[in-house]
Amino acid sequence: MMMIMKLVRSVRRDLPLALLCAVMLSLLSGCASAPSYRGAAHELRSYPYATARQRPELWVTYYPAFLSQPTAAPVEPDGKRGRAKPRLLSETRALRDHNGSWTDDAMRHDLDAMQSSGFVGAFLTVRPQDLTDAARLERIRHFMRLASGRRPSFRVGLGLYADTPLEMGSGNIAQFLLQNGLAKPAPSPRLAVIFDGASITLNRQDFREERLLDVLVLQPDGGFRPPRPIAFIRAGDAGPSVGIDWRSQATWPVPRGDGSFLADRLRQAFISRRPTIIIHSWNRFADGSFLVPNTFDGPLLLDTLAAEMDRLETLRLNATPASD
């Protein structure tokens, strides 16, 4: 508890925020935000990457079951198979609903689903206080263990956000994660951590355990600090209110629509040759940005993702010389 108090209350330093970061994982070697959506998906007529051997890696932000769902009364079945279509976004549920219980079975199911959807890794997204809850911390560690034991491997990074603005010290964070089994000492691969820059002010501290982490701060515009060639894509965004009626989705800041927004963002990331693409999110129902098959629009967003990746793969194969 003393450590987390230091983590949350660490004093602001004078160094610029741009100096806070160690080098991000080689697989997450950069980022820039995509241009604004103009109502029609960009065309992709040829394979955009430098060589036909290159393929973008897909990552997704993932929330444990106790954080993925906004507080709302569940939708009652309508007499047909499954649940009724929700009236409000806050009533949306996954077609396979864990009911807020993050059991081993729920973890394995989500890992299977994310991996079969083409993701190579996930950023497990939690709040600082979740790391101080003994039961939740053990569940977080267990999820990382399950992911690391999969074949092929499924990589896990950490995402941190706060319900209210916090100021945190990078050295205190590194020490806390090390002591609680979330980061491993060298020469193990460093833990990639994304901080939500809209809710967390991160200050650099001279502390040797900081070398255990690769740190990026997500900015409100979708870019990272320091800049990296990573595309961060939202699947949708209903704005600040989770009580919004689903029929008003056309007026959302990022409308889900028929999947055209996600398709356009993916194509822009391809055209910009982003080697790493992070999609928000697998299962964050609270803000309207989720991929998992659900009672709101079924498997629509995952179908869109699969179609765009298939289209890109067809272009890649056509661009590969016969000798390859």
Study note, to complete from the structure: Note on region 261-300: residues among the basic types (Lys, Arg) and in a strand (DSSP E or B) are 284
Revision key, fill the gap. Picked from region 265-322 (must be over 26 Å from residue 194 (Cα atoms) and aliphatic (A, V, I, L, M)), the residue surrounded by the fewest Cβ atoms within 10 Å (Cβ to Cβ) is 322
Study note, to complete from the structure: Of the residues in region 148-165 that are out of contact with any strand residue (DSSP E or B) (no Cβ under 7 Å at 6 or more places or on another chain) and among the hydroxyl-bearing types (Ser, Thr, Tyr), the one that is surrounded by the fewest Cβ atoms within 10 Å (Cβ to Cβ) is 164
Check your understanding: Of the conditions (1) without any contact (Cβ under 8 Å) to a residue 60 or more places away in the chain; (2) assigned to a loop (DSSP other than H, G, I, E, B), residue 303 fails just one. Which one is it?
Key -> (2)
Check your understanding: Out of (1) modelled with pLDDT under 85; (2) touching a Leu at 6+ places or on another chain (Cβ under 9 Å); (3) surrounded by fewer than 18 Cβ atoms within 10 Å (Cβ to Cβ); (4) not β-branched (Val, Ile, Thr), what's the single condition that is false for residue 80?
Key -> (2)
Review point. On the given criteria, is residue 245 among the acidic types (Asp, Glu), closer than 17 Å to residue 125 by Cβ and either surrounded by 15 or more Cβ atoms within 10 Å (Cβ to Cβ) or in contact with a strand residue (DSSP E or B) (Cβ under 9 Å, 6 or more places away or on another chain) (or both)?
Key: no
Review point. Which of the following residues is touching a residue at least 60 places away in the same chain (Cβ under 8 Å) and among the charged types (D, E, K, R): 234, 267, 247, 256?
Key: 267
Study note, to complete from the structure: The strands (runs of 3 or more DSSP E) lying wholly within region 182-254 that contain at least 1 residues that are small (Gly, Ala, Ser) and within 26 Å of residue 143 (Cβ to Cβ) are 191-196, 230-234
Point to revise | Looking only at region 26-56, and only at residues there that are touching a helix residue (DSSP H, G or I) at 6+ places or on another chain (Cβ under 6 Å) and surrounded by 16 or more Cβ atoms within 10 Å (Cβ to Cβ), the one that is modelled with the lowest pLDDT | key: 34
Exercise for review: May I ask you to verify whether residue 118 is part of a loop (DSSP other than H, G, I, E, B), modelled with pLDDT under 90, more than 23 Å from residue 252 (Cβ to Cβ) and of a type outside the set (Ser, Thr, Tyr)?
Suggested key: no
Review point. Taking region 212-222, which residues are buried (at least 20 other Cβ atoms within 10 Å of the Cβ) and more than 13 Å from residue 195 (Cβ to Cβ)?
Key: 212
Check your understanding: Quick one: which of 105, 112, 133 is free of Cβ contacts under 8 Å to residues at least 12 places away in the same chain and surrounded by 14 or more Cβ atoms within 10 Å (Cβ to Cβ)?
Key -> 133
Exercise for review: Answer yes or no as to whether residue 105 is modelled with pLDDT of 50 or more, part of a loop (DSSP other than H, G, I, E, B) and under 23 Å from residue 133 (Cβ atoms).
Suggested key: no
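The values are calculated or read from the model by the stated rules, or taken from the named source; none is laboratory data. Keep in mind the model is a prediction, meaning the values are calculated, not measured. Because the Cβ atoms are built from the backbone with ideal geometry, glycine has one as well, and the counts that use them run over all protein chains shown.
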